[in-house]
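First comes the structure, then the notes that go with it.
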Amino acid sequence: MASSLIEYPPRLDLARLPTPLHLLPRASARWGAGKRIWIKRDDLTGSALTGNKVRKLEFIAAHAQAEGLTTLVTCGGVQSNHCRATALVAAQLGLHCHVVLRADDDSVSTTGNFLLDQLAGASFEILPSAQWGRGVKEAFGRAEAACLRAGRPALLIPTGGSDSLGIWGYIAAAEELRSDLVNAGIDRATVALATGSAGTQTGLTAGAVLHELPVSVVGYAVCDDSNWFNTRISADWRASVARWPQLPDIALAPITRDHSVGPGYGRADPAIYALITELTRLEGIPLDPVYTGKAFYGLITDIEAGHYDDVDDIVFVHTGGIFGLFSHEEQLLKATASALVAE
Ligand SMILES: Cc1ncc(COP(=O)(O)O)c(C=O)c1O
């Protein structure tokens, strides 16, 4: 389907677009095994609004405004990039924001994303991870009722903004990527990204088909596993097709890779911190230890194993996460100290 035929839902202009696509010359020489590694800088969608979430929020917040919903309610880990982006978007639009946050361990790190949630004026509730699931549903119910009573009705946004509204952000990003590939002279590529709640991968996978991109989209799971994500992506896509008549009823074939999870969501092995350090020194681009660092690690492991020997070009989508670095200060400083010793 030609891109001009896709009718997008209402959208706000929140992200700084298009984001650059550029070559990583030294990373290609170091890990590319003869291939060119490119980076799509979705970490440059904004300053505090950095990352993939703002693309989704362009459609989500437009829907909230159209429906007269003046509070954005959402959820995620204490260091959620999505919650931070939602809190900032709400402030930027003069809306209210409430975030339900999961404490993944005993000590809640108040720095990074959580600090920005608070700076942006979001109200918050913290739940222990053992109470997540049912707890978040109940918290959403309480927040929705309180917002109604206060005369500022809420839009309830699921984890990561990954729903049939949010996926439009990356259907549109695929259209942008099509022009990037033409401008860079890339005929065929693998597009790799971190997958956490799957909206980015769903949107890009669908967008690649809709906009006829010569690419395979590969998600590197940072939690759960490939079966779980492939099932979820197919289900989210079916829900999107059911909601939006302009989307064709095609079957998606999502590709998710498993070996990026490591010790679990939000925790990383020393190899990830070492990789973040090395890439920052090589290219001046920091990744984060929760999403992009793990995905890049999975990607270079696959390149080394010959998994992508059928393509000359790899595009890594940098989905942001810079503020997540600050709650991993100790491990990162250890990695930089080891890098100095090794020099
Ligand atoms: C920095 C970063 N990269 C990647 C992802 C994964 O995106 P998605 O939740 O759409 O799978 C997220 C959010 O979960 C994120 O914050």
Q.
Which GluC sites (Glu not before Pro) in the stretch 165-241 sit in a loop by DSSP (not H, G, I, E or B) and have at most 13 other Cβ atoms within 10 Å of their own Cβ?
A. Glu212
(Q) Can you compute the modelled spin-label distance between Asp312 and Ser47, with each label point 7 Å from Cα toward Cβ, in nm? (A) 4.0
Q: Determine how many Å³ per residue the convex hull of the Cα atoms of the chain encloses.
A: 128
Q: For every helix of n ≥ 4 consecutive DSSP H residues, a contribution of -39,500 (n - 2.57) applies; sum these over the chain, divide by its total residues, and give [θ] at 222 nm rounded to the nearest 500 deg cm²/dmol.
A: -13500 deg cm²/dmol
Q) What is the spin-label model distance, in nm, from Ala339 to Glu304 if the labels are put 7 Å beyond Cα along the C-beta direction? A) 1.7
Q. Using θ = phi - 60° and the Karplus form 6.51 cos²θ - 1.76 cosθ + 1.60, what ³J(HN,Hα) does each residue of the stretch 92-98 get, whole Hz, x for Gly and Pro?
A. 5, 9, x, 9, 9, 9, 10
Q: Mind listing the long-range amide H neighbours of Ala192? Cut-off is under 5 Å, sequence gap 5 or more, other chains count too, H placed in the peptide plane at 1.01 Å from N.
A: Val218, Val315, Phe316, Val317
Q: Report the relative contact order of the chain, percent, no decimals, based on alpha-carbon pairs under 8 angstrom and at least 6 residues apart.
A: 21
Q. What ranking of His82, His259, His63 emerges when the number of other C-beta atoms within 10 Å of each C-beta is taken as an exposure proxy, fewest first?
A. His259, His63, His82
Q. Label Arg267 and Arg16 with points 7 Å out from Cα along Cα→Cβ: what is the distance between them in nm?
A. 3.7
**Q.** Which of Lys53, Lys40, Lys294 has the fewest Cβ neighbours within 10 Å, and the rest in rising order
**A.** Lys40, Lys294, Lys53
**Q.** Burial order of peptide ranges 326-337, 155-166, 96-107 (average beta-carbon count within 10 Å, highest first)
**A.** 155-166, 96-107, 326-337
Q | Point-charge dipole on Cβ atoms (K/R +1, D/E -1) for the stretch 53-161, about Cα centre, debye to 20 | A | 220
Q: Would you mind giving the average projected area, over all directions, of the Cα convex hull of the stretch 226-343 in nm² with one decimal?
A: 9.8
Q: Using the number of other C-beta atoms within 10 angstrom as an exposure proxy, rank Thr111, Thr190 with the fewest first.
A: Thr111, Thr190
Q: Show the residues, 5+ positions off or on another chain, whose built amide H is closer than 5 Å to the amide H of Leu127.
A: Leu101, Arg102, Ala103
(Q) Apply the a/c threshold of 1.5 to the C-alpha gyration tensor of the stretch 177-293 and tell me whether it is rounded, prolate or oblate. (A) oblate
Q) Along the charge dipole of the chain, Cβ charges K/R +1 and D/E -1, which of Pro9, Leu252, Gly141 sits furthest on the positive end? A) Gly141
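Bear in mind that the values in this text are calculations on the coordinates, not laboratory data. For clarity, every value in this text was computed on a predicted model and none was experimentally measured. We place every Cβ from the backbone using ideal geometry, glycine too, and count neighbours over all the protein chains shown.
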